[in-house]
Every structure is written in structure tokens, then in C-alpha cells.
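These notes are about the structure you will find just below.
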Amino acid sequence: MHVTTIIQEPVMTEKSYARLSRPVYTFRVHPQANKHQIKVAFSKIFNVQVARVRTINHRARPKRVGRFRG
């Protein structure tokens, strides 16, 4: 997997803005990327020393149309 395909986009929410005072940044990454690949990608693209990588698998909420879910 190429370095530029691992990091997809930054996440801009109130919670992520609050964490910018500490050196904590939030990004969406490729679902198949592991922590080591994410760390290497950030180091190469942003030229920084990455201390720790935390990941989460976020499922989409089920969609509803009237009383039907799916």
C-alpha cells in the first residue's frame, strides 16, 4: 500500500479541535492499514516523529426509511 493512499482525510469535529491544544491529530485512514503503516506514512508525509497511533473501527449507523431498517 502506498503512503499517500493510507491517509485519506483529516477529521474536523469539535472533539478533534479541542485535542489540537495537545499534539493529538485525527485522520481517516485506509481500513486495511495497520498501526505500523500509519506511523510510517505520517512520518514520511509530515516529517514528524510519531509517538503513538490509536485506531478505531467505526461502523456506519443503520439507515432507516420509515419503519424499515437496513
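Overview of results
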item: Cβ pairs under 7 Å, 6+ apart, first in the range 46-70 and at positive phi and touching a residue at least 24 places away in the same chain (Cβ under 8 Å), second of a type in the set (Val, Ile, Thr) and open to solvent by 100 Å² or more (accessible area, probe 1.4 Å); result: none
item: Options Glu14, Glu9; residue that is of a type outside the set (Phe, Trp, Tyr) and within 13 Å of the chain's Cα centre (by Cα); result: Glu9
item: Subset of the range 25-38 [of a type outside the set (S, T, N, Q) and touching a Lys or Arg at 6+ places or on another chain (Cβ under 9 Å)]; result: Tyr25, Lys35
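The values are calculated or read from the model by the stated rules, or taken from the named source; none is laboratory data. In this text, all values refer to a predicted model and were calculated from it rather than measured experimentally. For neighbour counting, all protein chains shown are included, and Cβ atoms are generated from backbone atoms with ideal geometry for every residue, glycine included. Ligands, DNA and RNA are stripped out before the accessible areas are found, and what is left, the full protein with its side chains, is counted by its heavy atoms. Shrake-Rupley method; radii C 1.70, N 1.55, O 1.52, S 1.80 Å.
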